[in-house]
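One structure is given below, encoded as C-alpha cells.
Since every read-out is calculated from the coordinates, none of them should be taken as a lab result. None of these values were measured; they are calculated from a predicted model. Methodologically, a virtual Cβ is constructed for each residue, glycine included, from the backbone with ideal geometry; neighbour enumeration extends over all protein chains shown.
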Amino acid sequence: MDPALVAGLGSIELVARRIVDGFMQGLHRSPRKGFSVEFADHRAYQPGDDLRFIDWKVLARTDRWLMKMNTEDTNLRATVVLDVSKSMEWSGAPGRLTKAAYAERLAATVALLLLRQRDSVGLIRFDSEVRTVIPPRARTIHWHRIVGSLMEPGAGLASDATGGLLAAASLVTRPGMVILISDLLMDPIEVADALKVLAGAGHHLTVLHIMDPAERDLGVNAIEAEFQDPESLRTLAATVADVREAYKTAVTETIDEWREHLSGAAASHEIVLTDQPFGMPLRRAFMNRQILP
Amino acid sequence: MSFLAPFALLLAGAIAIPLALHLLRRKSGEHVEFPALQYLLRAQREFSRTLKLRNLLLMLIRIAIVLALALAAARPIGQMIGSGHAPTALAVVLDNSLSTSVVVNGQPVLARLKDAAKAALARAGNGDRAWLVTADGKVVGGDMEAVRDAVDRTEAFAGAGDLGGAVSRAVQLVEASGIPAHQVAILTDGQASAWTGVSSLDGVSTTVFAPDGTPPRNRAVVRAIPEPPHWTPRGTIRATTTATDNEVVNGTHARRAFPRATARREGHGESGDSSCRNTSGKYTSK
C-alpha cells in the first residue's frame, strides 16, 4: 500500500502495528555460532573440547573426530540510529510523507518487530547533536517509550551521524545490530569511519538510505528555480531541464560512493524511497543478510 | 539595403538585456527548498563546461532574436534570394500627369514609372491583391494580370491630375481589402504641381519611387505661329519655347490636335527650330 495512505490510518503506533502484522513473524537466526539445538557446521576436535558435542556418527563412519556446531538462538540487541535533521523534514510532493515521517514509521516498525521476538531494541535520535538516547530493552512496554520519543520534535540545522553512531557504540557493548536510518546528506568518509568502529565491536550494520523520489530524479515542478538547502541555507540557481540528467548522474555516483565506503565498513546499504510500501525496505535490508529481526 | 525606419535600429541596444542576464546570473525564478543541494552542486561542478557552453549558446540565440526584431522594425528594403512575404494588399499609384510625358535620356518618364510599377507587381504573390490608381483618378483592380495590362495601357493625360487624391484612394482600397498587410507604392516624377493637398496615409506602409538624375528643365511656349495663317490639315505651327535659362527652342507642329501626347525632342537641347509631326495618333516631335 501507498505509505502515505497507511500513515493516514493513525498514529505511528497504530501504523507500525499494522505493518508488522502484515510483514512476518518468527524467530531470527543469530549470526553467532554456539552449541545449541540446530546444526550449523563441523569443526575439528581439539583437546579440551566437551565430549558431548563430538559427532559420534561421523566418527563411526569415517574415523574422523569432528565437533558439531549448532546455531544458537540468542536475544539480539539492536539500536536504531535515526536522523532527525532539518533535511529530513522535506517532501517532494504534497501528498507524500516527509522523509522524517517515513523514517519514524520505519523505525517504529523495526522496533516492534524486534520486541515481538523478545529482542532488545534501543533508539538514538540525532541531528546536529544527539537528541534522544533510549537504551535497548526487551519489554513490550519499552516500545511505547520509543514511539513517544519518535513523536518528539527534532529537526536541528545539521546532521551529525558520527555522534549518533558513537553514542550507539557506547550504548551497546555486546555485539548486536545497529540500523542507521538517514538521508545521508553528509560526509561519507566520516560516517564510514564511525561505522568501522561499530563493525570492529562486532555489530551488524545496516544503513537505510531514505530518499524522496524527487531527490532521486530532480522531480521539481519548476522551469527555473533558486534551490536552497534548508540546513546550510546555501542557494543555487539552475534551470531544471538543463541539469536534470547531470543531476541523476551525480546521484548515482554519490550512491556508488556510499556503497563503496559502507562496504568497507561491512555495512549493508539499502535505498529506501518514501513512496515505497514499508515492507519492501525491511525485506530487502534484513532478508538479504538472513538476519531477520 | 536601406531602411524605412532606421531609428528602429536603436532597438538593437536591447541586446544588453540577454547579455546582462547571462553575466549577472538570473536571480529570478521560483524559490525551492531542496535538501539534496549537494547533488545539484556536484552536477553543476562536473558538468559546468557543458552548461556554460549551453548558456553561452542560449545568450547568443537571444541576442540574435533581439537583433532580428530590431532589423524587422527598421523595415529594410532590399531583395534577397528566396525572400517571401505575407499576403499583402498592394495599391500602385501611378503618376500619369502631363509632365511624365517628357523624354529624358531618350525615354519618356512615364515609361520608367510603368516599368517600376510592373516590377512592384511582379513581386506580388498568389495571396496578394493589387490595384492601380492613376493621377487622373482611374482605378483598376482585380487579378494581377488585369492590373498589369492596365499599367501597360496607361498613358499621360493633358493635365496635372490629383496625385494626393489618388494616394488617399489607394489607402482606402488597401484598408478595405481585409488583408492585414498593406502597401502603397507611389510612382511619380516628383512634380509639385501634381500634389494638390496633403494625403493621410493612416500608417499604411508606403514606398515612393521617383526617377533619379537631374529633372528636365521646365519650358514654356511663348509663341505659336500657324503657317499658313489660316489653318489647313497640311499646315504647320511654328512654336517658340523658353526656359528659365532664357534658352529659346523653336519647333514646328504638323497637326492641330493631339489628345494623347508623348513628346520627344531631338537635337540634344540645341536652340533653334524643331519640327513636330504626328505618328499613329501619338504626339511625336522632331
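Taking every pair of alpha-carbon atoms in segment A:56-169, give the share separated by more than 19 Å as a whole percent. Show your work: numbers first, answer last.
Details: 3518 of 6441 pairs.
Cα-Cα pairs in segment A:56-169 separated by more than 19 Å: 55 percent.
Per-residue Cβ counts within 10 Å, from other chains only, averaged over B:42-51: what number is that? Don't skip to the answer; put the middle values down first.
Numbers: counts 7, 14, 8, 2, 4, 7, 1, 0, 4, 5.
Counting Cβ atoms of other protein chains within 10 Å of each residue's Cβ and averaging gives 5.
Provide, in order from the shortest bin, the percent of all Cα-Cα pairs of segment A:203-293 in each 5 Å bin, continuing until the bin that contains the maximum pair distance.
Computed distribution, short to long bins: 3, 12, 17, 20, 18, 13, 9, 6, 3, 0.
Please report how far the C-alpha centroid of segment B:8-58 lies from that of segment B:165-232, rounded to the nearest whole angstrom.
57 Å
Check which residues have an amide H placed less than 5 Å from B:Val104's amide H, if you skip close sequence neighbours.
B:Val109
Could you pull out every residue, at least 5 positions away or on a different chain, whose amide H is within less than 5 Å of the one on B:Thr241? Hs are placed 1.01 Å off N in the peptide plane, and Pro or chain starts have none.
For B:Thr241, whose amide H was placed from the backbone, the distant partners under 5 Å are B:Val222, B:Val249, B:Asn250, B:Gly251.
Across segment B:117-131, in residue order, what do the Karplus-derived ³J(HN,Hα) couplings come to in whole Hz, using 6.51 cos²θ - 1.76 cosθ + 1.60 with θ = phi - 60° and x for Gly and Pro?
With the stated coefficients, segment B:117-131 comes to 5, 5, 5, 5, 6, 5, 7, 6, x, 5, x, 8, 10, 9, 9 Hz.
In what sequence, highest mean first, do A:192-199, B:188-195, A:102-109 appear when ranked by Cβ atoms within 10 angstrom? Write out the running numbers ahead of the final one.
Details: A:192-199: 20.5, B:188-195: 18.2, A:102-109: 25.2.
Peptide ranking by packing, descending: A:102-109, A:192-199, B:188-195.
Could you work out the per residue convex hull volume over the alpha carbons of segment B:1-73, in cubic angstrom?
Values: hull volume 7.1 nm³, N = 73.
Normalising the Cα hull of segment B:1-73 by residue number yields 97 Å³.
What ranking, highest mean first, results for peptides A:219-227, B:159-167, A:54-62 when packing means the other Cβ atoms within 10 Å averaged over each residue?
On the way: A:219-227: 16.0, B:159-167: 21.2, A:54-62: 12.1.
By packing density, highest mean first, the sequence is B:159-167, A:219-227, A:54-62.
In nm², what is the average projected area of the convex hull enclosing the Cα atoms of segment B:207-246? Please list the in-between numbers first.
On the way: hull surface 21.0 nm².
The Cα convex hull of segment B:207-246, projected and averaged over all directions, gives 5.3 nm².
Which cross-chain or sequence-distant (5 or more) residues have an amide H under 5 Å from the amide H of A:Thr79, H modelled 1.01 Å from N in plane?
For A:Thr79, whose amide H was placed from the backbone, the distant partners under 5 Å are A:Gly122, A:Met177, A:Val178, A:Ile179.
HN-Hα J couplings of segment A:120-125 from phi, Karplus 6.51/-1.76/1.60, θ = phi - 60°, integer Hz, Gly and Pro as x?
8, 9, x, 9, 10, 10
Could you run the Debye sum over the Cα atoms of segment A:138-235, one equal point scatterer each and no solvent, and tell me log10 of I(q)/I(0) at q = 0.12, 0.13, 0.15 Å⁻¹, two decimals?
After summing over all Cα pairs, the log10 values are -0.56, -0.64, -0.81.
Rounded to the nearest 20 Debye, what is the dipole magnitude of segment A:142-249 about its Cα centre when Lys and Arg each give +1 and Asp and Glu each give -1 at the C-beta?
Values: 7 positive and 15 negative charges, 129 e Å.
In total the dipole reaches around 620 debye.
Using all C-alpha to C-alpha distances in segment B:87-184, build P(r) with 5 Å bins and read off the rounded percent in each one.
In order of increasing distance, the bins hold 3, 15, 25, 25, 18, 9, 4, 1, 0 percent.
Could you tell me which of B:Ala181, B:Trp131, B:Leu163 has its Cα farthest along the dipole of segment B:130-236 towards the positive end, charges placed at Cβ (Lys, Arg +1; Asp, Glu -1), taken about the Cα centre?
Farthest towards the positive end: B:Leu163.
May I ask you to list the aspartates and glutamates whose Cα is less than 18 Å away from that of A:Lys86, ignoring any residue fewer than eight positions away on the same chain?
Leaving aside aspartates and glutamates fewer than 8 places away in the same chain, those within reach of A:Lys86 are A:Glu104, A:Asp127, A:Glu129, A:Glu152, A:Asp160, A:Asp183, A:Asp187, A:Asp212, A:Glu215, A:Asp229, A:Glu231, B:Glu33.
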